[in-house]
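Only one structure is covered here, and it is reproduced in the block below.
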Amino acid sequence: MNRPTNPHTLTQANAPVGTHAGYMPGFGNDFETEALPDALPQGMNSPQKCNYGLYGEQLSGTAFTANPPERTWCYRIRPSVKHSHRYEKINLPHWKSAPCIDPDVISLGQYRWDPVPHSDSGQNWLTGMRTMTTAGDVNTQVGMASHIYLVTESMVDDYFFSADSELLVVPQEGRLRFATELGIIDLAPKEIAIIPRGLLYRVEVLEGPARGFVCENYGQKFELPGRGPIGANCMANPRDFKAPVAAFEDREVPSTVTIKWCGQFHTTKIGHSPLDVVAWHGNYAPYKYDLRTYCPVGAILFDHPDPSIFTVLTAPSGQPGTANIDFVLFRERWMVAENTFRPPWYHKNIMSELMGNIYGQYDAKPQGFVPGGMSLHNMMIPHGPDNEAFEKASNANLGPDKLDQTMSFMFETRFPQHLTTFAANEAPLQDDYIDCWTSLEKKFDGTPGKK
Ligand SMILES: [Fe+2]
């Protein structure tokens, strides 16, 4: 068992959720943390009586028999059965789940959107979620959805968990606090958070308005990609993923818990805060990760590898090498390849590619793909640099060149992505995006040696 190295880990006595965040390093570690001294049983999981009168409870994120199993033991003021009562169905009309196919929407094509603007009315984490695409099937736990969140208001005595999915959160503006059962994660642009399936939390606005991207993963959890011949270092290093230390609140106020389950939303009323885990140990936990710690590996002589070289996290499918979702990062880096067309090449791809811009300018699309904006290049639909990028890259003096002030990402899935009605009709779709390739010229005239 890895004991956390963070010196603040075990000193959060009486630290209520909402006061401060502290973290333990290491993706997939078996952590242990307690907010009160000796709240965590040692040497066993389920003593006859837990200290402080706490209840012991296991949260299983994988099947018991998965290899390795992922689970966390929680020691809490009330067991989760007290955080759940009769359910009432509610409607969150903008948060969609696959399959969600509008017969009047054509998803076949190349699409790009300007940033979705904030609405005039206040929105929280649940009401402010706008689904852009869906893929696969939430009921069979395959595929994903992509969302934009537009959040201006904190959740107050209001909690949420998704039984359907793990959420990968990519902020673009504003700062959020995820007050979870297992501790606090504060999140800002250039960081990401991973909120596991079944983990209960509320989202507070630390600095608003807040906008960002969410990949809702219906399938197997995100994990670090195998590095193969790259070896033990670079790309995303495990130590840079941070899990929160235990923090709890003992608050008896009327509260609402909302649950996403098989694509539908339900609420249940309880009389207290459910964020009451005083101590926990295990390997099923939320994380944050600073994208600036991602160490890119790339070309150092000629050509460049497939964009999979920039994979931060991968959510496997049942087919080796073919991910349910890859999360890929295009960040600042040096370009040094000789006699090489350096931007992404023209291509068609069996995987479907949804991109978002966190900040700066993307090298294949100098114009139009702006921070907060998104693009979709769907299954087997051709795409590549626009004419400006092609001409510039084809005629550049190829010295060492720093791609600076740039951070974009891709949610790439093995499944075709379907646009929601919102994405097709309400979000700021750039109708002229496809024209970015119109000015590409035919250069061939049969002359030998011509370049
Ligand atoms: Fe692509």
- prompt: At each listed q (0.17, 0.18, 0.27, 0.28 Å⁻¹), what is the log10 of I(q)/I(0) that the Debye formula gives for the stretch 79-132 modelled as equal alpha-carbon point scatterers?
  reply: -0.84, -0.90, -1.22, -1.23
Principal axis box of the stretch 197-289, alpha-carbon based, largest edge first, Å: 55, 31, 29
message: Taking the solvent-accessible surface of protein heavy atoms with a 1.4 Å probe, what is the per residue accessible area of the chain in Å²?
response: 44 Å²
- prompt: What would the Debye formula give as log10 I(q)/I(0) at q = 0.22 Å⁻¹ for the alpha-carbon point model of the stretch 151-222, no solvent?
  reply: -0.98
- prompt: What's the carbon and sulfur percent of the chain's accessible surface, probe 1.4 angstrom, rounded to a whole number?
  reply: 53 percent
message: Going by amide H atoms built from the backbone, whose H comes under 5 Å of the H on Ala246, apart from near neighbours?
response: Glu34
query: How big is the convex hull of the Cα atoms of the stretch 113-250, per residue, in Å³?
result: 135 Å³
- request: State which entries of Lys348/Lys402; Lys96/Lys348; Lys221/Lys392; Lys260/Lys402 exceed 32 angstrom in Cα-Cα distance in the structure shown.
  value: Lys221/Lys392; Lys260/Lys402
field: Cα gyration tensor shape for the stretch 99-156, rounded if a/c is under 1.5, else prolate or oblate
entry: oblate
query: Relative contact order, percent, of the chain when contacts are C-alpha pairs under 8 Å separated by at least 6 residues?
result: 20 percent
- request: Assign one of three labels to the stretch 293-434, namely rounded, prolate or oblate, based on the Cα gyration tensor with a ≥ b ≥ c the square roots of its eigenvalues; rounded applies when a/c is under 1.5, prolate when it is not and a/b is larger than b/c, and oblate otherwise.
  value: oblate
message: How compact is the chain by the rule of thumb for globular proteins, expressed as Cα Rg over 2.2 N^0.38 Å?
response: 1.03
task: Calculate the spin-label point distance for Leu224 paired with Asp435, positioning each point 7 Å from the Cα along the beta-carbon direction, and give it in nanometres.
output: 4.7 nm
field: Rounded to the nearest 10 Å², the accessible area of Asp186 at probe 1.4 Å
entry: 30 Å²
Probe 1.4 Å - accessible area at Glu57, Å² to nearest ten: 40 Å²
- prompt: What ranking do 218-226, 141-149 get when scored by the average of other Cβ atoms within 10 Å per residue, highest first?
  reply: 141-149, 218-226
field: Over the chain: helical MRE at 222 nm, DSSP H runs n ≥ 4 each giving -39500 (n - 2.57), nearest 500
entry: -500 deg cm²/dmol
- request: Can you tell me the order of 45-51, 205-211, 442-448 when each peptide is scored by its average per-residue count of other Cβ atoms within 10 angstrom, highest first?
  value: 205-211, 45-51, 442-448
- prompt: Where a Cα-Cα gap under 17 Å defines reach, which lysines qualify for Lys450, not counting those fewer than 8 residues away within the same chain?
  reply: Lys442
query: In percent, how large is the relative contact order of the stretch 293-434, given Cα pairs closer than 8 Å and 6 or more residues apart?
result: 29 percent
- prompt: Just by accessible area at a 1.4 angstrom probe, what is the order of Leu92, Leu199 from largest to smallest?
  reply: Leu92, Leu199
- request: Heavy atoms only, probe 1.4 angstrom, no DNA, RNA or ligands counted: give me Val245, Val297 ranked by accessible area, highest first.
  value: Val297, Val245
task: With a 4.7 Å Cβ cut-off, tell me which Cys residues in the chain come up empty for a partner.
output: Cys50, Cys74, Cys100, Cys215, Cys262, Cys436
- prompt: What FRET efficiency would be calculated for the residue pair Asp445, Thr421, taking the C-beta separation as r and a Förster radius of 60 Å, to the nearest 0.05?
  reply: 0.80
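The values are calculated or read from the model by the stated rules, or taken from the named source; none is laboratory data. Keep in mind that this is a model prediction, so the values were computed, not measured. Here Cβ is always computed from backbone atoms with ideal geometry, including for glycine, and neighbour counts include all displayed protein chains. All accessible areas refer to the heavy atoms of the entire protein, side chains included, with ligands and DNA or RNA removed. Shrake-Rupley method; radii C 1.70, N 1.55, O 1.52, S 1.80 Å.
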